[in-house]
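Everything on this sheet refers to the single structure shown next.
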Amino acid sequence: MVCTLTIGFEPSPLQDFCFADPSSSARVNGLACLDSKQVQADHFSFSGLHLAGSTSNPLGSKFTPVTVNQLPGLNTLGISMARLNYAPRGLIPPHVHPRATEILTVLEGSLLVGFVTSNPENKFITKVLQKGDVFVFPIGLVHFQRNVGHGNAVSLSALSSQNPGVITIANAVFGSNPSIADDILAKAFQVDKSIIGQLQAKF
């Protein structure tokens, strides 16, 4: 008796492009394609990434994405990007991209960056980056960026998915809807339930 298992995967687009048609009722892994006869140059361009995002918020940072949601021409192409602005001491808090590796380039300032490897090692990999430095965050790993310079900082990231997704750890754990039961979080973090309640109130 012979048993054969064959698995096929096509990571590349099967046509020149598939401009996203968000008005389509079709449900696919991604977005349905607009008729290629209707596609124009504007469908493949995005304006405004040169503008600084406002960092007037508690984290002192601003994430400006260019994913398939902002640039529908990215549909099926497996890439996206983002501009990140940081006030002094500004932070992009610990988060993961469930569908993408991220490569970051510092355009201005100094950034402390880092990620944590998966269980059981949980090794913390960290480095201070200067203007022109590049750092990569592997897919699905918790990572962060913080401005450690005296002035504002700017970075540009490229991501290996048209829709990389973002899960901010604190928001997901303490700000879920409905809330995760406080006794579960208290046991997981080995703290009193009152502390969990205070954290949940912030989100």
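Scanning segment 135-155 for any residue that is β-branched (Val, Ile, Thr), touching a Gly at 6+ places or on another chain (Cβ under 8 Å) and closer than 22 Å to Pro58 by Cα turns up at least one such residue. For segment 97-112, indicate whether the set of residues that are open to solvent by 30 Å² or more (accessible area, probe 1.4 Å) and more than 29 Å from Asn152 (Cβ to Cβ) is non-empty. Yes, segment 97-112 has at least one match.
Looking only at residues in segment 113-133 that are over 16 Å from Gly60 (Cα atoms) and among the hydrophobic types (A, V, I, L, M, F, W, C), the one that is most open to solvent (accessible area, probe 1.4 Å) is Phe124. Contact annotation: residue pairs with Cβ atoms under 6 Å, 6 or more positions apart or on different chains, pairing a residue in segment 42-63 that is of a type outside the set (Phe, Trp, Tyr) with a partner that is open to solvent by 60 Å² or more (accessible area, probe 1.4 Å) and not in a loop (DSSP other than H, G, I, E, B), are Gly53/Lys62; Ser54/Lys62; Thr55/Lys62.
Does Gly60 count as crowded, with 17+ Cβ neighbours inside 10 Å and farther than 18 Å from Gln145 by Cβ?
Numbers: crowded, with 17+ Cβ neighbours inside 10 Å: yes; farther than 18 Å from Gln145 by Cβ: no.
Considered against the rule, which asks whether it is crowded, with 17+ Cβ neighbours inside 10 Å and farther than 18 Å from Gln145 by Cβ, Gly60 comes out as no.
Got a number for residues in segment 64-89 being in contact (Cβ under 8 Å) with a residue 60 or more places away in the chain, assigned to a strand (DSSP E or B) and open to solvent by less than 20 Å² (accessible area, probe 1.4 Å)? Residues meeting the conditions: 5.
The values are calculated or read from the model by the stated rules, or taken from the named source; none is laboratory data. A quick note: this is a predicted structure, and the numbers were derived from the prediction, not measured. Neighbour counts run over all protein chains shown; Cβ positions are idealised from the backbone, glycine included. For the accessible areas, the whole protein counts, side chains as well, though only heavy atoms, and no ligand, DNA or RNA atoms are used. Shrake-Rupley method; radii C 1.70, N 1.55, O 1.52, S 1.80 Å.
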